[in-house]
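Structure first, then comments.
The values are calculated or read from the model by the stated rules, or taken from the named source; none is laboratory data. Computed from a prediction, not measured in an experiment: that's the story for all the values here. When we count neighbours, we look across all protein chains shown, and the Cβ atoms used for this are built from the backbone with ideal geometry, even at glycine. Surface accessibility is based on the protein's heavy atoms, side chains included, excluding ligands, DNA and RNA. Shrake-Rupley method; radii C 1.70, N 1.55, O 1.52, S 1.80 Å.
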Amino acid sequence: MRATTLLGAALASALSGALALSVQAPSYTAPAPSAPQATQASQASQAQAKGEGRTRAIDAASDYVREHRTVFRAGARDALTRVSTTPGSRGSHYVAYSRTYRGLPVYGGDFVLAVDGSGKVTGATSGQERRISLPSVRPTVTRAQARATARRQVTRVARVTRPRLTVYAEGTPRLAWVTKVAGRKAGSPSLQTVWTDARTGKVLLAWDQVMHGSGTGYYNGAVSIGTSGSGSSYSMTDTAHPGLKCGGQNGAAYTGTDDVWGNGSGTNLETACVDVLYAAGKETDMLAAWLGRNGIKGNGSNYPARVGLNDVNAYYDGSIINFGHSQDNARQLTAIDIVAHENGHGIFQTTPGGSTGGNETGGLNEAAGDIFGALTEAYAANPNDPADFLVGEEANLVGNGPIRNMYNPSAVGDPNCYSSSIPTTEVHAAAGPLNHWFYLLSQGSNASPASPTCNGSTVTGVGIQTAGKIFYNGLLLKTSSWTHGKARVATLTATKNLYGSTDCSTFTKVKAAWDAVSVPAQSGEPTCGGSTPPGGGTCSEVTASGTVASRASSYKPSTSGFTAAAGVINACLTGPSGTDFDLFLQRRSSSGTWSDVAASEGSSSSESIAYTAAAGTYRVEVYAYSGSGSYTLRYDVP
């Protein structure tokens with residue numbers, strides 16, 4: 001890898017002796033000399049610690065899933081398989097599971113568990129809302145009919161896969177065909193995954209993997225990028241960031257006889273690749289330094305880039321990032337925030353749950369790209385394109401300035417606040433609420449520029465690096481068909497996973513930011529610091545005692561539960577010192593399955609829950625994460 005100084009658009013000025021922009025190159029600190037043996041021993045120790053942490057997280061998740069199958073709506077015919085274990089921040093891990101039903105893959109049946117650095121499961125997210133119980137797995141719609149339906153989702157078909165039978169578990173579970181079709185739609189590339197009801201032929205979901213966007217300017221000043229080669233043969237291939245290269249529409253990296261690239265012209269494609277390699281390299285470095293992620297894909301690799309797309313657009317299609325030009329054809333769309341935005345789609349797709357889902361998921365995906373753009377601008381700290389929480393402000397595609405505004409989305413016609421209309425809002429506009437949430441969490445409502453809240457509250461920010469860490473760790477809890485409500489639960493769970501249950505200041509700010517963009521509290525979302533039931537916390541109506549072993553649960557008063565009228569159910573648990581007990585309140589559905597409606601997940605032997613319940617059947621679950629012994633459970637039933 002060579003760090004190459006590029007004069008970019010300053011070349012002409014430099015030749016005339018009037019270069020006004022300073023060269024901005026990466027800074028490196030040489031390590032102090034040390035014995036090779038000591039370095040190797042330290043690396044081996046760190047690797048061993050990481051391996052032990054991963055193993056501990058997998059064991060904890062496996063124990064939890066075995067004890068809590070009903071929480072994930074898993075029946076006797078469901079098979080749950082661990083598919084990934086991703087390291088988060090502060091020693092945490094996120095363990096993702098997939099599901100099959102009678103041997104068929106289940107879309108929407110995935111879930112993820114958060115495990116903190118001590119090996120404790122601190123929360124979980126699940127995409128499936130109901131238990132699967134299909135009378136038959138024989139389709140009445142033929143494979144050929146499903147294939148024909150999928151072909152109609154694009155205007156010009158290039159290729160289509162053989163439909164595969166699956167279970168579509170978003171909402172009411174249904175048997176479905178899933179087909180992939182590639183081609184063009186409305187003149188742009190399209191790669192659609194289509195779920196077709198195997199009994200009615202109705203399209204349940206058509207998700208386009210090609211994520212379109214637009215970007216910022218073409219000029220970052222004189223910068224350093226990674227290239228390869230020597231002598232008189234060089235390539236715009238960044239060997240320090242595996243997989244990252246840049247060239248034209250044929251996919252080959254640009255080459256040259258020297259290691260100086262670009263002429264600073266907005267129409268020069270080699271200059272466009274300078275911008276791409278610079279921005280993508282900064283994003284990858286930011287992911288490693290701030291978030292602990294290894295490359296855009298999370299496995300040490302990155303996406304190749306192409307420039308010269310004959311379109312007023314830029315996009316990510318699951319394999320590459322591709323960049324076009326502004327409407328006046330004067331600029332390529334390749335500066336920091338647009339490059340990082342397109343790579344952000346790659347991060348969204350390669351975190352648990354992938355990118356599938358309707359418009360609401362698409363809006364969250366677009367916002368994720370904007371958030372990674374803002375994070376990369378902040379990390380790069382390039383004075384030519386400072387962090388400003390605007391998207392496309394330098395592109396000026398049609399003369400209207402930025403295309404999105406994170407501190408006030410309504411300034412460009414996008415919604416500031418979440419509402420029931422978001423699931424039917426065009427995806428780029430639907431990015432507004434999450435973009436707004438991130439700015440409020442990062443900078444606060446009274447920052448400069450000020451950001452209006454939807455509930456009139458004042459929100460205090462935590463700083464962009466901490467906000468990025470919380471958002472990213474929330475993505476590691478993502479499930480398929482992502483929603484704002486699920487994102488709220490995930491980021492609160494991630495915050496608790498990162499900062500524990502004793503210091504709740506950060507947790508409170510995350511919650512306040514969600515409230516400020518009108519995403520309401522969700523059933524079963526985590527709490528911090530426990531809750532004190534009304535009436536002084538005596539919970540005196542019913543008293544029960546029991547004994548539980550480490551990493552095991554016990555149900556009181558019985559596995560059949562108790563009947564409660566509408567009102568507040570209070571529960572208080574006390575146990576021996578040194579035992580980490582958690583408390584779960586679960587409700588039974590009409591089908592007989594149990595699911596969590598409230599939880600007190602702390603790190604002590606005393607926990608309490610206060611839950612405003614609807615009339616129904618409930619039970620309280622006591623779970624021990626460490627230690628063992630007797631406990632006393634008191635609760636009030638309305």
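When you check residue 141 against the structure, is it under 29 Å from residue 190 (Cα atoms), part of a strand (DSSP E or B) and open to solvent by 10 Å² or more (accessible area, probe 1.4 Å), yes or no?
Values: under 29 Å from residue 190 (Cα atoms): yes; part of a strand (DSSP E or B): no; open to solvent by 10 Å² or more (accessible area, probe 1.4 Å): yes.
Judged against the criteria, residue 141 is not a match.
Please specify each residue of region 557-582 satisfying the condition of being of a type in the set (A, V, I, L, M) and not in a loop (DSSP other than H, G, I, E, B). Break it down into steps so the answer makes sense when it comes.
If we filter region 557-582 for residues that are of a type in the set (A, V, I, L, M), which is where we start, we get 564-566, 568-569, 571, 573.
Selection gives 564, 568, 569, 571, 573.
Give all pairs with beta carbons closer than 8 Å in which a residue from region 176-198 that is within 13 Å of residue 317 (Cα to Cα) meets a residue that is open to solvent by 20 Å² or more (accessible area, probe 1.4 Å) and among the acidic types (Asp, Glu); count only pairs at least 6 apart in sequence or on separate chains.
188/311; 189/317; 190/208; 191/208; 191/317; 192/208
Condition check: in contact with a helix residue (DSSP H, G or I) (Cβ under 8 Å, 6 or more places away or on another chain), touching a residue at least 24 places away in the same chain (Cβ under 8 Å) and hydroxyl-bearing (Ser, Thr, Tyr). Does residue 419 satisfy that?
Numbers: in contact with a helix residue (DSSP H, G or I) (Cβ under 8 Å, 6 or more places away or on another chain): no; touching a residue at least 24 places away in the same chain (Cβ under 8 Å): yes; hydroxyl-bearing (Ser, Thr, Tyr): yes.
So residue 419 does not fit the description; no.
Please count how many residues of region 89-111 are out of contact with any Asp or Glu (no Cβ under 9 Å at 6 or more places or on another chain), at negative phi and not in a strand (DSSP E or B).
The number of residues fulfilling the criteria is 2.
Testing residue 511 on (1) surrounded by fewer than 24 Cβ atoms within 10 Å (Cβ to Cβ); (2) in a helix (DSSP H, G or I); (3) in contact (Cβ under 8 Å) with a residue 60 or more places away in the chain, one condition comes back false. Which one is that?
Answer for residue 511: the failing condition is (3).
For the condition of a type in the set (Ser, Thr, Tyr), open to solvent by less than 10 Å² (accessible area, probe 1.4 Å), assigned to a loop (DSSP other than H, G, I, E, B) and farther than 30 Å from residue 205 by Cα, what is the one hit in 376, 334? Quick ask: steps written out before the conclusion?
On the way: 376 fails: assigned to a loop (DSSP other than H, G, I, E, B).
Testing whether each residue is of a type in the set (Ser, Thr, Tyr), open to solvent by less than 10 Å² (accessible area, probe 1.4 Å), assigned to a loop (DSSP other than H, G, I, E, B) and farther than 30 Å from residue 205 by Cα leaves just 334.
Hey, any hits in region 571-584 for a residue that's surrounded by 22 or more Cβ atoms within 10 Å (Cβ to Cβ) and more than 17 Å from residue 543 (Cβ to Cβ)?
Here is the first cut: in region 571-584, the residues surrounded by 22 or more Cβ atoms within 10 Å (Cβ to Cβ) are 571-573, 575, 581, 583-584.
Within this subset, residues satisfying the condition of being more than 17 Å from residue 543 (Cβ to Cβ) are 584.
Checked region 571-584: at least one residue is surrounded by 22 or more Cβ atoms within 10 Å (Cβ to Cβ) and more than 17 Å from residue 543 (Cβ to Cβ).
At pLDDT 90 or above and surrounded by 20 or more Cβ atoms within 10 Å (Cβ to Cβ): does that describe residue 107? Talk me through it step by step, then tell me what you get.
On the way: at pLDDT 90 or above: yes; surrounded by 20 or more Cβ atoms within 10 Å (Cβ to Cβ): yes.
In short, yes.
Give region 606-638 a look and list any residue that's in a strand (DSSP E or B), polar (S, T, N, Q) and modelled with pLDDT under 85, or say none.
Initial filter on region 606-638 (in a strand (DSSP E or B)): 606-613, 616-626, 629-636.
Within this subset, residues satisfying the condition of being polar (S, T, N, Q) are 606, 608, 612, 617, 626, 630, 632.
Across region 606-638, the qualifying residues are 606, 608, 612, 626, 630, 632.
Filter region 585-605 down to residues that are in a strand (DSSP E or B) and free of Cβ contacts under 8 Å to residues at least 40 places away in the same chain and give me whichever is nearest to residue 543 (Cα to Cα).
585
Going by the conditions given, is residue 460 farther than 30 Å from residue 206 by Cβ, of a type in the set (S, T, N, Q) and open to solvent by 30 Å² or more (accessible area, probe 1.4 Å)?
Working: farther than 30 Å from residue 206 by Cβ: yes; of a type in the set (S, T, N, Q): yes; open to solvent by 30 Å² or more (accessible area, probe 1.4 Å): yes.
Answer is yes for this residue.
When the residues of region 161-197 are filtered to those that are of a type in the set (Gly, Ala, Ser) and part of a strand (DSSP E or B), which remaining residue is surrounded by the most Cβ atoms within 10 Å (Cβ to Cβ)? Give the steps one after another, and end with the answer.
Initial filter on region 161-197 (of a type in the set (Gly, Ala, Ser)): 169, 171, 176, 182-183, 186-188, 190.
So of that shortlist, the ones also part of a strand (DSSP E or B) come out as 176, 182-183, 188, 190.
On the way: 176: 29, 182: 18, 183: 17, 188: 13, 190: 23.
Among those that are of a type in the set (Gly, Ala, Ser) and part of a strand (DSSP E or B), it is 176.
Looking at 124, 158, 114 in this structure, which one is open to solvent by 30 Å² or more (accessible area, probe 1.4 Å), under 23 Å from residue 490 (Cα atoms), touching a residue at least 24 places away in the same chain (Cβ under 8 Å) and not in a loop (DSSP other than H, G, I, E, B)? Quick ask: steps written out before the conclusion?
Numbers: 158 fails: under 23 Å from residue 490 (Cα atoms); 114 fails: open to solvent by 30 Å² or more (accessible area, probe 1.4 Å).
None of the other options fit; the residue is 124.
For every residue, the table says whether it meets (1) surrounded by fewer than 24 Cβ atoms within 10 Å (Cβ to Cβ); (2) among the basic types (Lys, Arg).
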{"residue": "280", "(1), (2)": "no, no"}
{"residue": "284", "(1), (2)": "no, no"}
{"residue": "291", "(1), (2)": "yes, no"}
{"residue": "297", "(1), (2)": "yes, yes"}
{"residue": "310", "(1), (2)": "yes, no"}
